Each structure stands twice: as C-alpha cells, then as structure tokens.
Amino acid sequence: MTDIREVLLPLTDETVSSLRAGEPVLLTGPCYTARDAAHKRLTEMLARGEALPMPLAGQTVYYVGPSPAPAGRPIGAAGPTSSYRMDAYTPALLQQGLKGMIGKGKRSAEVVDAMRRHHAVYFGAVGGAAALLSRHITACELIAFPELQSEAVCRLTLERFPVLVLIDCEGRSALVETPII
Amino acid sequence: MREISCAQIRAAVAQLFLTANRQIAPDIRQAVTDAADRETSTAARYALSQLTENYVCAEEDGLPICQDTGLAVVFAEVGQEVRITGGLFSDAVTAGVRDAYTEGSLRKSVVDDPLFDRTNTLDNCPPILHTALVSGDRIHLLGIAKGFGSENMSRIGMLTPAAGEAGVLRYIVDTARLAGPNPCPPIIVGVGIGGDFEQAALLAKRMTARPLNKRHPDPRYAALETRALSEINALGIGAAGYGGVTTALNVAIATAPTHIAGLPVAVNICCHASRHAEINL
Ligand code: SF4
C-alpha cells in the first residue's frame, strides 16, 4: 500500500469524523497502553470517583502488553491483544472522553453503540506483527501500576504506526461478519 | 541405561523456547509468504506483508515474533531406557522455561491463581508438561509457546456418534467462524477426534505443531482436513480479519479410539505465530 494517510494523535473531533472503516492510516503521536488488569483498575477508580493516572479526554488507548525491552530499545515486541476482553470496561472510558482505541478483533454491540454516542474510533493493528510494530514506537514511559508488569500503563510515542480503521465513529465495521447460521 | 542429566534437559528446554519465540518455523514462514502472494484483498495483503516483514524485524532487532510469548507447553517423550540424573525431570523442564523467559527478554504471562489473586509469577512458570513413556533410550522434547488470543477461541464438543462426519466438519468450521478475527488469522487448526474429554484436547494441542506438509495417514481424515480447510477459508474472515482468501493455513487432525456412546471433538486454534521447536536428547 502506498500513500497511506498519516493521522496525528491525540485525535481531534474533525479527524475522528474523517476516518472511515476500512481505511489504512499511520498513527503518529502519544497514546497509553492498557489491557485487562489496567482496565479493571481504571474503571474501579472511576467508580470510586478517584482521579485517573492519565488523562482520557481526547486520548487513545492501545491494548498491548509488550515483551521486555532489550538493551538500547524503548520497548520490546508490542503488537495488539484481543480487544473484546476490554469490552466490559470500554463504555466507561468512552464516557470520560476516550477518542481512540487500538487493538485487534471484534467489539461488542455495547462498545460500538458507545463509540457512536461518544464519537470515537477503533483501529486494528495486525496481531502477531509485534516486532515490526515495535519499530514504530519511539518512546515508552511508565505512568502507573508498575506492579502489573507487562500490563502496566505506559505512555507511548507512535511514529507512523500502521493500523486499519476497523470501526468508525458511525459504527461501520471493516470486519467480515461471520454469524452462525 | 543411557544417562541424561537434568542440566542437559534444562538447557535444551531453554533453547527450545528461545528459538520458538524468535524464529518462525520455515514451513509457516513459507505459507504466510505464499498467502501474501495469492491474496486478492488489498487490506489482507497489507496485513500479510506486515507478517513477513515482522519475521525480519524480529531477527534483526532480537525481539520475539509476538509480544505474547505464550504459556510454555512441553510434550516430552521419555525412552524407558533413559536414566535421568541430577534431579527431578519436571524441575529441570521448569528451570529451562524459567531460564528462557527471564534471560531472553520474553514476556512473563503466567498468573498463579486463575480466579482470585491473578498475581504474575514473574518467570512464566509453571509450564504445562505432558510426559509419555516410550521405547528407546532418547528423550524427545517439543516446546510450544502458546499464545492465548488463539487459545481462548478453542472449543471442545462432546458430539453424539450420530453427528458423524458432517457434524464433526461443522463443529470445526463453526469454531473458526465464532473465533472470527480474534485469534490472529491466518490460523492453524489442531483437531483431536475421539478418546475422552481430555485426550481429545491433548491431541488437538499436539496437532497445532504438526508440519504443514503432512496429512493424516487415513485418506478419509486427510480428505476431512482438506475439506475443513477450504470451508474455513471460504468464510472470508481473512488475515487479521481484514477479509480475503486465507483465513487458515492448515487443519491437522489426530484421532484416538473412543467410547461406544461418544464422539469428542476438540478444536485448538493456533494463530499464524505458531511457535514451536523440538529436540532429541
Ligand atoms: S494470538 Fe498469537 S499472534 Fe495473536 S497476539 Fe496472541 S500470540 Fe500473538
């Protein structure tokens, strides 16, 4: 694929509106890592009315638990994990203004509905392309929950990180539907 | 009796998991490359080309192919004429896994208690060890680094004998259909038919590491493998779920005698990053 559009993070509302399901884009800018355990903690903090360790409004979350960084690299292998495991927590984060998510695979109807209401977009990165994706991450800074090891929340800087718009802000999906008939 | 020391076993196991995580098996690499060449969907071809590029990045940068470096599963075939010296066999296997994951920059993905505590064990131990006693004076070790994106999409069905071939075929294809894009297609589908509940699952897991160029020796099962593969590819899920003609690289079936009342079918899904390595000691 040539001439792929570069999209800057954090996302603006105009950018979110312009993204269409099925479109490949290259993401450049900051995002936060969070997967199962971090999502559980973040939503528990929200339920208790506590301040979160990072801002969510306008931000993008990447569902990733990287492998350890070898000497001289900011991060190890860093491909996406399955997004559906975060579905139970996602509407609460979208409510806080989360604009973008990077993961792989399906989302629940509740998530798609919340994305529509809160004007957010879901990007897919290629699962298992983790060493390639690592080359598009130029910085990694620990933000919270170090005891969660690979599941800690980090602030990443992406540089032309290849993704596909899997579900856009109007709920259109690029994933092939395979219902049991 | 031939003697094999725990130190040898430990070093061999460590090497298996380092190799499996950093270098994809040549047959899988070839199959992914061929799939990229064949692909008609632009998005899926983009995904597949990222996978072939990823193998090179992993080699050049000293990184694992995937960040989920898996739960370590070891299939050990221990010859009855082997005497293991210097400790307990299972301890040596665990120590080898610990060495690979702590010294090789591999991710530690194991939690101690599955339901309540979920505290990381920090060394990716314990591994899952299946040991069989066989004839001879060698030890054969197969290490599988099993990612859970695909493991979570696996199923076991206790079908009735009346379900027959059509029922088995449908169960296999439906498992891939339900999994959709989640297990990182193109997938490798390991199937165990027969035995009992756990033997079917064990056969299925073992089949995820069968070389892609092999077929079941019974032509009827070989035909079922080919048929299931083409039906899964006809689902159109495609690489990374982006559509296209390749959803699976292989379907591998193993069979075992079973009870007159049963037809167990286990389907163990493995992602394209099927990481396994073996060694004979
Ligand atoms: S399913 Fe396989 S390729 Fe995908 S993230 Fe998990 S281990 Fe990696």
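The values are calculated or read from the model by the stated rules, or taken from the named source; none is laboratory data. Quick caveat, the model's predicted, so the values are computed rather than measured. Using ideal geometry, Cβ is built from the backbone for each residue, glycine included, and neighbour counts are taken over all protein chains shown. We work out accessible area using only protein heavy atoms, side chains counted, and drop any ligands, DNA or RNA first. Shrake-Rupley method; radii C 1.70, N 1.55, O 1.52, S 1.80 Å.
Let me confirm something: among A:VAL126, A:VAL163, A:VAL153, which residue is touching a helix residue (DSSP H, G or I) at 6+ places or on another chain (Cβ under 9 Å) and within 16 Å of the ligand (Cβ to nearest atom)? So that I can check it myself, show each step before the final result.
On the way: A:VAL163 fails: touching a helix residue (DSSP H, G or I) at 6+ places or on another chain (Cβ under 9 Å); A:VAL153 fails: within 16 Å of the ligand (Cβ to nearest atom).
It is A:VAL126.
Within the range B:200-253, track down each residue that is of a type in the set (Val, Ile, Thr) and within 18 Å of B:PHE75 (Cβ to Cβ). Give the derivation first.
At the first step, the residues of the range B:200-253 found to be of a type in the set (Val, Ile, Thr) are B:208, B:226, B:232, B:237, B:245-247, B:251, B:253.
Across the range B:200-253, the qualifying residues are B:THR208, B:ILE253.
Go through (1) more than 8 Å from every other protein chain (Cβ to nearest Cβ); (2) more than 16 Å from the ligand (Cβ to nearest atom); (3) farther than 30 Å from B:GLY243 by Cβ and name the single condition B:PHE17 misses.
All conditions pass for B:PHE17, except number (2).
Can we say B:PHE89 is more than 20 Å from the chain's Cα centre (by Cα), of a type in the set (Phe, Trp, Tyr) and at pLDDT 95 or above? Break it down into steps so the answer makes sense when it comes.
Values: more than 20 Å from the chain's Cα centre (by Cα): yes; of a type in the set (Phe, Trp, Tyr): yes; at pLDDT 95 or above: yes.
Here the answer is yes, as B:PHE89 does meet what is asked.
Quick check, is B:ARG22 out of contact with any Leu (no Cβ under 9 Å at 6 or more places or on another chain) and charged (D, E, K, R)?
Numbers: out of contact with any Leu (no Cβ under 9 Å at 6 or more places or on another chain): no; charged (D, E, K, R): yes.
When the stated conditions are applied, B:ARG22 does not pass them.
Are any residues in the range B:224-281 under 30 Å from B:CYS6 (Cα atoms) and within 14 Å of chain A (Cβ to nearest Cβ), and if so, which ones?
Residues of the range B:224-281 that are under 30 Å from B:CYS6 (Cα atoms), as a first pass: B:273-281.
Once the filter is applied, which keeps residues that are under 30 Å from B:CYS6 (Cα atoms) and within 14 Å of chain A (Cβ to nearest Cβ), the range B:224-281 yields B:ALA273, B:SER274, B:ARG275.
With the condition being open to solvent by less than 10 Å² (accessible area, probe 1.4 Å) and farther than 25 Å from A:VAL126 by Cβ, I'd like the strands (runs of 3 or more DSSP E) fully within the range B:162-281 carrying at least 2 qualifying residues. Break it down into steps so the answer makes sense when it comes.
Details: elements: B:187-195, B:248-258, B:263-270, B:275-280.
Hits in the range B:162-281: B:187-195, B:263-270.
Go through A:LEU175, A:LEU142 for me and flag whichever is away from the ligand (no atom under 16 Å from the Cβ) and open to solvent by 10 Å² or more (accessible area, probe 1.4 Å).
Details: A:LEU175 fails: away from the ligand (no atom under 16 Å from the Cβ).
Residue meeting the stated conditions: A:LEU142.
From the list B:ASN182, B:ASN213, which one is more than 14 Å from chain A (Cβ to nearest Cβ) and over 29 Å from B:ILE260 (Cα atoms)?
Details: B:ASN182 fails: more than 14 Å from chain A (Cβ to nearest Cβ).
Just a single option satisfies the conditions, and that option is B:ASN213.
Every residue in the range B:142-161 that is open to solvent by 30 Å² or more (accessible area, probe 1.4 Å), over 14 Å from B:ASN268 (Cβ atoms) and within 22 Å of the chain's Cα centre (by Cα), please.
Answer for the range B:142-161, where residues must be open to solvent by 30 Å² or more (accessible area, probe 1.4 Å), over 14 Å from B:ASN268 (Cβ atoms) and within 22 Å of the chain's Cα centre (by Cα): just B:MET158.
Evaluate the range B:104-120: report whether one residue or more is within 14 Å of another protein chain (Cβ to nearest Cβ), open to solvent by less than 30 Å² (accessible area, probe 1.4 Å), over 28 Å from B:PRO264 (Cβ atoms) and in contact (Cβ under 8 Å) with a residue 60 or more places away in the chain.
Within the range B:104-120, one or more residues are within 14 Å of another protein chain (Cβ to nearest Cβ), open to solvent by less than 30 Å² (accessible area, probe 1.4 Å), over 28 Å from B:PRO264 (Cβ atoms) and in contact (Cβ under 8 Å) with a residue 60 or more places away in the chain.
Give the range A:124-144 a look and list any residue that's out of contact with any His (no Cβ under 9 Å at 6 or more places or on another chain) and within 12 Å of chain B (Cβ to nearest Cβ), or say none. Walk me through it before giving the result.
Taking the range A:124-144 as the starting set, the residues that turn out to be out of contact with any His (no Cβ under 9 Å at 6 or more places or on another chain) are A:124-126, A:129-144.
If the condition is that a residue be out of contact with any His (no Cβ under 9 Å at 6 or more places or on another chain) and within 12 Å of chain B (Cβ to nearest Cβ), then A:GLY124, A:ALA125, A:VAL126, A:ALA129, A:ALA130, A:ALA131, A:LEU132, A:LEU133, A:SER134, A:ARG135, A:HIS136, A:ILE137 are the ones that fit.
Checking A:ARG172 against (1) in contact with a helix residue (DSSP H, G or I) (Cβ under 8 Å, 6 or more places away or on another chain); (2) under 19 Å from B:GLY238 (Cα atoms), which test does it fail?
Answer for A:ARG172: the failing condition is (1).
Report, by residue number, each residue of the range A:50-107 that is within 14 Å of A:VAL153 (Cβ to Cβ), of a type in the set (A, V, I, L, M, F, W, C) and either open to solvent by 50 Å² or more (accessible area, probe 1.4 Å) or in a helix (DSSP H, G or I) (or both).
Within the range A:50-107, A:ALA51, A:MET86, A:LEU93 meet the criteria.
Pull up the range A:108-123, narrow it to residues that are outside any strand (DSSP E or B) and among the β-branched types (Val, Ile, Thr), then point me to the one that is nearest to the ligand (Cβ to nearest atom).
At the first step, the residues of the range A:108-123 found to be outside any strand (DSSP E or B) are A:108-120.
Those still in the list that are among the β-branched types (Val, Ile, Thr) too: A:111-112.
Working: A:VAL111: 19, A:VAL112: 22 Å.
The extreme case among them is A:VAL111.
Go through (1) over 22 Å from A:LYS106 (Cα atoms); (2) in contact (Cβ under 8 Å) with a residue 40 or more places away in the chain; (3) not β-branched (Val, Ile, Thr) and name the single condition B:PRO126 misses.
(2)
For the range B:55-71, enumerate the residues that are outside any loop (DSSP other than H, G, I, E, B), within 16 Å of the ligand (Cβ to nearest atom) and more than 7 Å from chain A (Cβ to nearest Cβ). Break it down stepwise before answering.
Of all residues in the range B:55-71, those outside any loop (DSSP other than H, G, I, E, B) come to B:55-61, B:71.
Cutting the leftovers down to within 16 Å of the ligand (Cβ to nearest atom) gives us B:55, B:57-58, B:71.
Correct list: B:TYR55, B:LEU71.
B:THR52 - would you say it is within 15 Å of the ligand (Cβ to nearest atom) and either assigned by TED's automatic domain parsing to the domain that holds B:THR94 or polar (S, T, N, Q) (or both)? Outline the logic, then answer.
Working: within 15 Å of the ligand (Cβ to nearest atom): yes; either assigned by TED's automatic domain parsing to the domain that holds B:THR94 or polar (S, T, N, Q) (or both): yes.
Yes; evaluated as a whole, the condition is true for this residue.
Look at the range A:14-46 and say how many of its residues are open to solvent by 40 Å² or more (accessible area, probe 1.4 Å) and without any contact (Cβ under 8 Å) to a residue 24 or more places away in the chain.
Of the residues in that region, 3 qualify.
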